[in-house]
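Take a look at the structure below.
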Amino acid sequence: ARDVNVLSDSHQFVFSADIISTVEFNYSGELLATGDKGGRVVIFQHEQESKNRPHLRGEYNVYSTFQSHEPEFDYLKSLEIEEKINKIRWLPQQNAAHFLLSTNDKTIKLWKISERDKRAEGYNLKDEDGRLRDPFRITSLRVPVLMPMDLMVEASPRRIFANAHTYHINSISVNSDHETYLSADDLRINLWHLEITDRSFNIVDIKPANMEELTEVITAAECHPHQCNVFVYSSSKGTIRLCDMRAAALCDRHSKFFEEPEDPSSRSFFSEIISSISDVKFSHSGRYMMTRDYLSVKVWDLNMENRPVETYQVHEYLRSKLCSLYENDCIFDKFECCWNGSDSAIMTGSYNNFFRMFDRNTRRDITLEASRESSKPRATLKPRKVSTGGKRKKDEISVDSLDFNKKILHTAWHPKDNVIAVAATNNLYIFQDKIN
């Protein structure tokens, strides 16, 4: 992998509002959106290659920045609602404009991002500066003309989907029919139509009559990439349920239930916490799905429910450190995972600004670091290794010196090319494969 560009704030002190909270490529990979804790969405656009500067093959530059959500206050519950963007999902492009959904804890918004490079001039009823003209002085009829102007990228909210979630929204997923999408919070999943904002259908509700009997929560949900009636959701108990909306209006009875039997010999106080699934993603083919728990990534075949077909250890060396990770709350970090365009490789984040990539065909894996020191523009990334005790080799880093404040929770892979985006706190790194 080769670093292309680092898009970030250069100051060392990090404002909480600048911390990136989600990263997402659009369907073509031409645009890359990030959301942050300050409620802003920044969209980067892929620069076209030029013959005289072929080394800028993967350059992404800022295309548009807008404030998606503002902090709010729920007066009925005396709760502050954070502006932090939890998820961004692009809609497939239908015309010249782009559309995306962004959500904070409570409200989902549909944004239209469009370009304007012409403006109308020569109005009859007002002057060029916008002042109304005296009707008695208008003696002739003019036809307004479109004049070229500097390119402007406008972001405008087209729909606001509010007041449907009692708990915090953790997932949104656009359905393959491109007309509906689902949103999930801790206990419920709702199905929306993109044109209708005042009602949604509740399709999963796991809230018990008595909240003291609550044993698990929904952690993530996603629509199948090809079958618009199928979706999955994962739970804090490490299980995944696949539901079919054709079976019933309320999908409380799942069609498939994916769970790996626990090895009794490795059971500990932390077993339940580390088995909680933080992310679930269908493969582009729709045949597999991938889940991320605290220590590993698992790939499941949708036709086999009793165990995953592949398991990849992300940072097994942390198993002996779970006690201190529990004390500093890192054990509750929610790492995401993503597929490459051909489903042959997967990527997920770790600590110390490390991220892991696994090749499903060769079973090879690599640890890379996203940091200013190791990521000089157009420099080749060196694989990193963590030593777990005993004699440490020259290039290895000791487990005890890992920085748990530097974590890569959000990553995205270009849908067609080997270009990846990695969010490290308030920095966005974009890497591409090396050109010979």
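Considering only residues in the stretch 102-118 that are surrounded by 22 or more Cβ atoms within 10 Å (Cβ to Cβ) and among the β-branched types (Val, Ile, Thr), the one that is farthest from Leu32 (Cα to Cα) turns out to be Ile108. Total residues in the stretch 62-75 satisfying the condition of being touching a residue at least 40 places away in the same chain (Cβ under 8 Å) and surrounded by fewer than 18 Cβ atoms within 10 Å (Cβ to Cβ): the figure is 2.
The single residue among Ser183, Ser176 that is under 22 Å from Asn229 (Cβ atoms), under 20 Å from the mean Cα position of the chain (by Cα) and assigned to a loop (DSSP other than H, G, I, E, B) turns out to be Ser176.
Run down Thr311, Thr215 and say which single residue is open to solvent by 30 Å² or more (accessible area, probe 1.4 Å) and within 27 Å of Ser350 (Cβ to Cβ).
Working: Thr215 fails: within 27 Å of Ser350 (Cβ to Cβ).
Checking each option against the conditions leaves just Thr311.
Counting only strands (runs of 3 or more DSSP E) that fall entirely inside the stretch 354-395 and contain at least 3 residues that are of a type in the set (Phe, Trp, Tyr), the qualifying elements are 354-359.
Identify, please: which residue in the stretch 145-173 is part of a loop (DSSP other than H, G, I, E, B) and open to solvent by 60 Å² or more (accessible area, probe 1.4 Å) and is, among those, modelled with the highest pLDDT? Looking at the filtered set, the residue picked out is His168.
Please specify each residue of the stretch 258-284 satisfying the condition of being open to solvent by less than 60 Å² (accessible area, probe 1.4 Å) and either closer than 15 Å to Ala220 by Cα or of a type in the set (Asp, Glu) (or both).
So the first thing to find is which residues in the stretch 258-284 are open to solvent by less than 60 Å² (accessible area, probe 1.4 Å), and the list is 258, 266, 268, 270-271, 273-283.
If the condition is that a residue be open to solvent by less than 60 Å² (accessible area, probe 1.4 Å) and either closer than 15 Å to Ala220 by Cα or of a type in the set (Asp, Glu) (or both), then Phe258, Ser275, Ser276, Ile277, Ser278, Asp279, Val280, Lys281, Phe282 are the ones that fit.
Scanning the stretch 368-413 for residues that are under 21 Å from Ile20 (Cβ atoms) and of a type outside the set (D, E, K, R) yields a count of 16.
Report yes if His193 is under 15 Å from Ala220 (Cβ atoms) and either open to solvent by 50 Å² or more (accessible area, probe 1.4 Å) or among the aromatic types (Phe, Trp, Tyr) (or both), otherwise no.
no
Summed over the stretch 119-144, the residues that are free of Cβ contacts under 8 Å to residues at least 24 places away in the same chain and either among the aliphatic types (A, V, I, L, M) or open to solvent by less than 50 Å² (accessible area, probe 1.4 Å) (or both) give a count of 8. The set of residues from the stretch 397-436 being farther than 17 Å from Cys338 by Cα and of a type outside the set (D, E, K, R) comprises Ile397, Ser398, Val399, Ser401, Leu402, Phe404, Asn405, Thr425, Asn426, Asn427, Ile435, Asn436. Among residues of the stretch 81-92 being among the aliphatic types (A, V, I, L, M) and at pLDDT 95 or above, the one that is nearest to the chain's Cα centre (by Cα) is Ile88. Of the strands (runs of 3 or more DSSP E) lying entirely inside the stretch 225-280, not one carries at least 1 residues that are touching a helix residue (DSSP H, G or I) at 6+ places or on another chain (Cβ under 9 Å) and over 29 Å from Tyr27 (Cα atoms). Of the numbered criteria (1) modelled with pLDDT of 90 or more; (2) open to solvent by 20 Å² or more (accessible area, probe 1.4 Å), the one Ser78 fails is (1). Screening the stretch 334-353 for residues that are over 11 Å from Lys407 (Cβ atoms) and part of a strand (DSSP E or B) and picking the one that is farthest from the chain's Cα centre (by Cα) gives Ala345. Taken over the stretch 81-101, the criterion of being among the aliphatic types (A, V, I, L, M) and open to solvent by 20 Å² or more (accessible area, probe 1.4 Å) is satisfied by Ile81, Leu91, Ala96. Residues that are in a strand (DSSP E or B) and either modelled with pLDDT under 95 or over 26 Å from the mean Cα position of the chain (by Cα) (or both) within the stretch 186-200 are absent altogether. Just one of the listed residues (Arg287, Arg241) is exposed (fewer than 15 other Cβ atoms within 10 Å of the Cβ), of a type in the set (Lys, Arg) and either under 23 Å from Leu91 (Cα atoms) or modelled with pLDDT of 95 or more (or both), namely Arg287.
The values are calculated or read from the model by the stated rules, or taken from the named source; none is laboratory data. All of these numbers come straight from a predicted model, not from anything done at the bench. Because the Cβ atoms are built from the backbone with ideal geometry, glycine has one as well, and the counts that use them run over all protein chains shown. Surface areas here come from the heavy atoms of the whole protein model, side chains and all, with no ligands, DNA or RNA. Shrake-Rupley method; radii C 1.70, N 1.55, O 1.52, S 1.80 Å.
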